[in-house]
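Structure, as structure tokens:
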Amino acid sequence: MTVQVTELPSGLRVVSENRRTVETVAIGVWVDVGARFETEPQNGLTHCLEHMLFKGTKTRTARDIAFEIESVGGHMNAYTSRDNTTYYARVLKEDLPLAVGLLGDLVINSVCDTKELEREKDVILQEIGQTLDTPDDIVFDHLQGVAFKDQPIGRTILGEADNVRGFNRDGLMSFLATHYLASTVVISAVGNLDHEQLVALAAEKFEKLPTGTRSKPEVASYIGGTHLQERELEQLHLTLGWPGVSFHDDNYYAHQIYSTILGGGMSSRLFQEVRERRGLAYSVYSFSSSHAETGLFGIYAGTSPGLMADMVPVIKGEMEALVDGPTEQEFQIARAQLKAGLLMALEATTSRMEQLGRQLLLFDRVIPVQEMIDNVDGVTEQDVGTVAAEFVAVEQPSVAAVGDTKIVAKTLTI
């Protein structure tokens with residue numbers, strides 16, 4: 001399995017990993033633009049544009065796109081994050097030219113038909129409504145919003161409904177022209193393929209990508225705050241947040257191990273103490289999310305409102321106990337989980353394709369697997385204790401909750 005990277009004269013980069021033992025290819029078009037690149041009135045536009053690229057091009061209708069990829073047994077989809085937008089497909093090895101051609105057609109030749117746009121805006125409004133109706137989803141948007149208050153990175157990916165209603169074809173096409181540039185795109189593929197063929201296909205099908213540069217997004221910084229949404233629910237959905245680390249931070253892997261020990265699985269401290277031993281929550285876990293220059297560490301718990309006052313001190317107690325460092329057993333379990341996760345992801349062509357595309361956008365290079373394993377092994381128990389101490393030292397974490405939140409304000413004194 002050899003990774004090859006080629007940069008075309010336009011600035012477009014192509015990365016691939018050849019796997020002769022499989023019969024398929026996973027391919028993705030990674031665009032270095034996400035929700036954090038939007039102005040406030042544009043919030044939601046990147047996601048809307050992602051939808052619209054599937055709604056017809058100069059040479060294909062939306063129906064044509066769906067039928068062409070599925071007629072060969074393949075599938076194609078896309079997603080938008082705060083940092084980037086990804087369009088991807090998986091096909092049999094002989095259908096790679098079709099997949100590259102379809103993806104290139106979406107990105108280069110989209111027409112953003114006005115009638116299609118009006119229909120798709122209704123679809124997105126339904127998507128927003130579905131998210132609002134899902135408290136264990138929307139609570140994370142609330143946490144992101146207060147952690148990075150009044151910043152593009154703190155806004156939702158879907159955008160506000162009023163924004164979406166106001167989007168028009170000119171705005172979408174202008175955003176496409178100024179952000180989808182050859183220098184901002186990475187084509188990543190993993191499977192049974194020939195790299196030189198992939199490069200030739202990319203050069204042909206993405207030839208008309210505009211060149212040039214565009215401005216970088218606003219540098220984000222953690223601020224913190226509280227968002228309590230009172231709703232009549234059986235469960236109280238609570239999230240707590242602290243300043244995290246970026247992908248480039250020297251302590252990135254220490255944070256990952258800390259999060260795994262505290263609340264990363266069934267053997268974690270929070271799961272064992274909060275759920276298994278005391279029965280104070282149905283779901284409880286921690287997470288560490290990172291961006292290019294910042295990050296967010298958080299804890300989620302779904303519990304009955306009446307158990308909230310008992311649960312929070314237990315969470316605080318487990319965080320404080322980790323200041324003295326983890327036990328040897330849980331430290332080794334966490335390291336094993338992280339390394340296994342990295343290695344298992346390599347076996348799935350789609351996961352590996354995503355990893356290669358993301359790394360080129362973030363680091364301008366592909367990070368060798370052994371380097372990642374060495375980074376995990378380089379973390380010490382003392383490093384984990386240091387991370388724990390940093391979180392405990394924060395006087396008041398960010399708080400976002402949905403449900404019967406009166407008890408939250410009382411328990412957390414916010």
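The values are calculated or read from the model by the stated rules, or taken from the named source; none is laboratory data. Computed from a prediction, not measured in an experiment: that's the story for all the values here. Heads up, the Cβs are rebuilt from the backbone with ideal geometry, glycines too, and the neighbour counts pull from every protein chain shown.
Counting only residues that are of a type in the set (S, T, N, Q), farther than 30 Å from L346 by Cα and buried (at least 20 other Cβ atoms within 10 Å of the Cβ), how many does segment 164-189 have?
0
Residue by residue through segment 282-332, note down the ones that are closer than 22 Å to Q256 by Cα and over 28 Å from the mean Cα position of the chain (by Cα).
V314, G317, E320, A321, V323, D324, G325, P326, T327, E328, Q329
Can T131 be described as within 30 Å of S398 (Cα to Cα) and among the hydroxyl-bearing types (S, T, Y)?
Yes.
Considering only residues of segment 195-234 that are polar (S, T, N, Q) and in contact with a strand residue (DSSP E or B) (Cβ under 8 Å, 6 or more places away or on another chain), which is surrounded by the fewest Cβ atoms within 10 Å (Cβ to Cβ)?
Q229
Is there any pair with a first residue in segment 397-411 that is surrounded by fewer than 18 Cβ atoms within 10 Å (Cβ to Cβ) and a second that is assigned to a helix (DSSP H, G or I) whose Cβ atoms are under 8 Å apart and which are 6 or more apart or on different chains, and what are they?
K410/A309; T411/M308; T411/A309; T411/V312
Does N192 satisfy the condition of being in contact with a strand residue (DSSP E or B) (Cβ under 7 Å, 6 or more places away or on another chain), surrounded by 15 or more Cβ atoms within 10 Å (Cβ to Cβ) and polar (S, T, N, Q)?
Yes; evaluated as a whole, the condition is true for this residue.
Under 9 Å between Cβ atoms, which residue pairs at least 6 apart in sequence (or on different chains) link something in segment 374-388 that is in contact (Cβ under 8 Å) with a residue 60 or more places away in the chain with a partner that is basic (K, R)?
Close Cβ pairs (under 9 Å, with a partner that is basic (K, R)) amount to V376/R335; V376/K339; V379/R335.
Could you list all residues from segment 150-160 that are surrounded by 15 or more Cβ atoms within 10 Å (Cβ to Cβ) and either out of contact with any strand residue (DSSP E or B) (no Cβ under 9 Å at 6 or more places or on another chain) or modelled with pLDDT under 95 (or both)?
Q151, P152, I153, G154, R155, T156, G159, E160
For a quick check of your reading: which strands (runs of 3 or more DSSP E) sit entirely within segment 177-296 and have at least 1 residues that are outside the structural domain of D137 (by TED's automatic domain parsing)?
226-230, 236-243, 283-290
Test of understanding: among Q382, Q329, which residue is farther than 20 Å from G244 by Cα and at pLDDT 95 or above?
Q329
State whether the residues of segment 33-48 include one that is closer than 30 Å to L343 by Cβ and either at pLDDT below 95 or not aliphatic (A, V, I, L, M) (or both).
The answer is yes; a qualifying residue exists.
Please specify each residue of segment 129-149 satisfying the condition of being touching a residue at least 12 places away in the same chain (Cβ under 8 Å), surrounded by fewer than 19 Cβ atoms within 10 Å (Cβ to Cβ) and outside any helix (DSSP H, G or I).
If the condition is that a residue be touching a residue at least 12 places away in the same chain (Cβ under 8 Å), surrounded by fewer than 19 Cβ atoms within 10 Å (Cβ to Cβ) and outside any helix (DSSP H, G or I), then K149 is the only one that fits.
Those residues that are within 30 Å of F247 (Cα to Cα) and either part of a helix (DSSP H, G or I) or not assigned by TED's automatic domain parsing to the domain that holds V31 (or both), I need them from segment 65-105; list them, please.
Passing the criteria: V100, L103, G104.
Would you pick out the residues in segment 181-211 that are among the polar types (S, T, N, Q) and either closer than 25 Å to G34 by Cα or out of contact with any helix residue (DSSP H, G or I) (no Cβ under 8 Å at 6 or more places or on another chain) (or both)?
Selection gives S183, T184, S188, T211.
Assigned by TED's automatic domain parsing to the domain that holds G171 and touching a strand residue (DSSP E or B) at 6+ places or on another chain (Cβ under 8 Å): is that true of G145 in this structure?
In short, yes.
Just one of the numbered conditions (1) part of a helix (DSSP H, G or I); (2) at pLDDT below 95 is not true of I414; which one?
(1)
Would you mind finding the one in A254, A301, A281, A336 that is buried (at least 19 other Cβ atoms within 10 Å of the Cβ) and without any contact (Cβ under 8 Å) to a residue 40 or more places away in the chain?
After applying the criteria, what remains is A281.
Can you tell me which of S351, S286 is free of Cβ contacts under 8 Å to residues at least 60 places away in the same chain and crowded, with 21+ Cβ neighbours inside 10 Å?
S286
For D95, only one of the following conditions fails: (1) over 23 Å from L158 (Cα atoms); (2) in contact with a strand residue (DSSP E or B) (Cβ under 7 Å, 6 or more places away or on another chain). What is its number?
For D95, the exception is condition (2).
Give me the residue from segment 369-408 that is assigned to a loop (DSSP other than H, G, I, E, B) and touching a helix residue (DSSP H, G or I) at 6+ places or on another chain (Cβ under 9 Å) and, out of that set, nearest to V3 (Cα to Cα).
G378
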